[in-house]
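Novice: One structure, pasted below without further comment.
The values are calculated or read from the model by the stated rules, or taken from the named source; none is laboratory data. As the structure is a prediction and not an experimental result, all values here were calculated from the model. Glycine gets a Cβ as well: all are built from the backbone with ideal geometry, and neighbour counts include every protein chain shown. When the accessible area is computed, the model is the full protein with side chains, heavy atoms only, and any ligands, DNA or RNA have been set aside. Shrake-Rupley method; radii C 1.70, N 1.55, O 1.52, S 1.80 Å.
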Amino acid sequence: MVEWCLPQDIDLEGVEFKSMASGSHKIQSDFIYFRKGPFFGLACFANMPVESELERGARMKSVGILSPSYTLLYRYMHFLENQVRHQLEMPGHYSHLAAFYEDKKGVLYAGPGRGSSLPPVYWLPSIHRYMYPEMKITHPAGCMSQFIKFFGEQILILWKFALLRKRILIFSPPPVGVVCYRVYCCCCLANVSLPGIGGTIPESKPFFYVNVADIESLEVEVSYVACTTEKIFEEKRELYDVYVDNQNVKTHHDHLQPLLKINSADREKYRRLNEQRQMLLYSQEVEEDYNPCEEDLFVLFFLEQNNRIFQTLLEVSASQDKTLTAEHARGMGLDPQGDRSFLLDLLEAYGIDVMLVIDNPCCP
């Protein structure tokens, strides 16, 4: 149940299930990113043993905040962790939370507006300068390298599905905080900064943690990346295109099966990514004042890769014969044969008018 909130008139239906991941009773603490309507939330969870029959030996609480942007939420992680501990030890004392809200509050969008205008969000000047236009989230040092280490070459499979804006669902038992970061990393794979690209395709949306209470809202989504601790989702195939169970990436769609195979161009990209990471680590050791972060390198690596693909596709679609050859595919860093199916899906998804003349090796 929601025991306390500010403002008191905001719709928080279902937020109690989002801010405590299913299965959390087995762990001591966790943090969870989630979506609630047009807002993003961050909640910190803690579990404390108590000698109380009424509470069945354990007291579990989450303290969370909602914001129109998830780029700000990480700034308050430490505060939320302290507050959930405080709420466990001294239940019912909300003065710190009320003071925090008064200091940081924005005017939250309350419901459907008139026309198609964006929801009005008014931030205090001290917050406003941190509203990055680009996708940014701060996580434990090494979050991106953990993502690469965890999935290995399979990040190239996830990259293709993310670029095609498929519905990607990541399953993992609690704790779910680190899995929320995998959702974010997945979305970082699909950035494109060329004008005119992406207008016809849904944005890559991080839904973060979802549970059975979100089934109805997921049914209408055409594209998302989310994570869950509930195994029941695996059976609900109509809700996702790609299911990731720990390191096992799978799809039930026949036409997407070829995308699960790692090809030579994928291995080459993975080698280049690791090479750049090693060079970054070396430069950080040698030049102390030069400190670009691994996250920037990771995002830029895939942004440049994506831009190169779409730049080529746009140039070919503007040419007279509109013919995409094996040479073009290699120039884009793709495998002419191994990525043929991916290229066809990409052209269809983004509505790019070119003709693929790469022979299918299985045909005479």
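Novice: Is it the case that the stretch 162-172 has a residue that's β-branched (Val, Ile, Thr), at negative phi, modelled with pLDDT under 95 and not assigned by the TED database to the domain that holds ALA21?
Specialist: no
Novice: Scan (1) in contact with a helix residue (DSSP H, G or I) (Cβ under 7 Å, 6 or more places away or on another chain); (2) closer than 23 Å to VAL220 by Cβ for the single condition PHE31 breaks and write down its number.
Specialist: The single condition PHE31 does not satisfy is (2).
Novice: Please go through (1) over 18 Å from GLN154 (Cα atoms); (2) in a helix (DSSP H, G or I); (3) touching a residue at least 24 places away in the same chain (Cβ under 8 Å) for CYS186 and return the number of the only condition it doesn't satisfy.
Specialist: Unmet for CYS186, out of (1) over 18 Å from GLN154 (Cα atoms); (2) in a helix (DSSP H, G or I); (3) touching a residue at least 24 places away in the same chain (Cβ under 8 Å): (1).
Novice: Quick one: which of LEU314, LEU334, LEU280 is part of a helix (DSSP H, G or I) and either under 22 Å from LEU164 (Cβ atoms) or not hydrophobic (A, V, I, L, M, F, W, C) (or both)?
Specialist: Unique residue meeting the criteria: LEU314.
Novice: Looking only at the stretch 6-26, which residues are assigned to a loop (DSSP other than H, G, I, E, B) and open to solvent by 30 Å² or more (accessible area, probe 1.4 Å)?
Specialist: LEU6, PRO7, GLN8, ASP9, ILE10, ASP11, LEU12, GLU13, MET20, SER22
Novice: For the stretch 222-261, what are the residues that are open to solvent by 40 Å² or more (accessible area, probe 1.4 Å) and in contact with a Phe, Trp or Tyr (Cβ under 9 Å, 6 or more places away or on another chain)?
Specialist: Once the filter is applied, which keeps residues that are open to solvent by 40 Å² or more (accessible area, probe 1.4 Å) and in contact with a Phe, Trp or Tyr (Cβ under 9 Å, 6 or more places away or on another chain), the stretch 222-261 yields LYS231, GLU234, ARG237, ASN246, GLN247, LYS250, HIS252, PRO258.
Novice: Here is a further query. Looking at the stretch 142-151, which of its residues are more than 27 Å from LEU347 (Cα to Cα) and touching a residue at least 24 places away in the same chain (Cβ under 8 Å)?
Specialist: GLY142, CYS143, MET144, SER145, GLN146, PHE147, ILE148, PHE150, listed by residue number.
Residue-wise test of (1) farther than 18 Å from GLY152 by Cα; (2) assigned by the TED database to the domain that holds ARG167; (3) basic (Lys, Arg).
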residue: HIS253; (1), (2), (3): yes, yes, no
residue: ARG272; (1), (2), (3): no, no, yes
residue: SER283; (1), (2), (3): yes, no, no
residue: CYS293; (1), (2), (3): yes, no, no
residue: PHE301; (1), (2), (3): no, no, no
residue: THR312; (1), (2), (3): yes, no, no
residue: GLU315; (1), (2), (3): yes, no, no
residue: GLN320; (1), (2), (3): yes, no, no
residue: GLY331; (1), (2), (3): yes, no, no
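Novice: Another question about this same structure. Determine which member of the set ALA141, ALA110, ALA98 is under 23 Å from ASP11 (Cα atoms) and either modelled with pLDDT under 50 or open to solvent by 50 Å² or more (accessible area, probe 1.4 Å) (or both).
Specialist: Exactly one of ALA141, ALA110, ALA98 is under 23 Å from ASP11 (Cα atoms) and either modelled with pLDDT under 50 or open to solvent by 50 Å² or more (accessible area, probe 1.4 Å) (or both), namely ALA110.
Novice: Looking only at residues in the stretch 60-78 that are part of a helix (DSSP H, G or I) and open to solvent by 50 Å² or more (accessible area, probe 1.4 Å), which one is modelled with the highest pLDDT?
Specialist: HIS78
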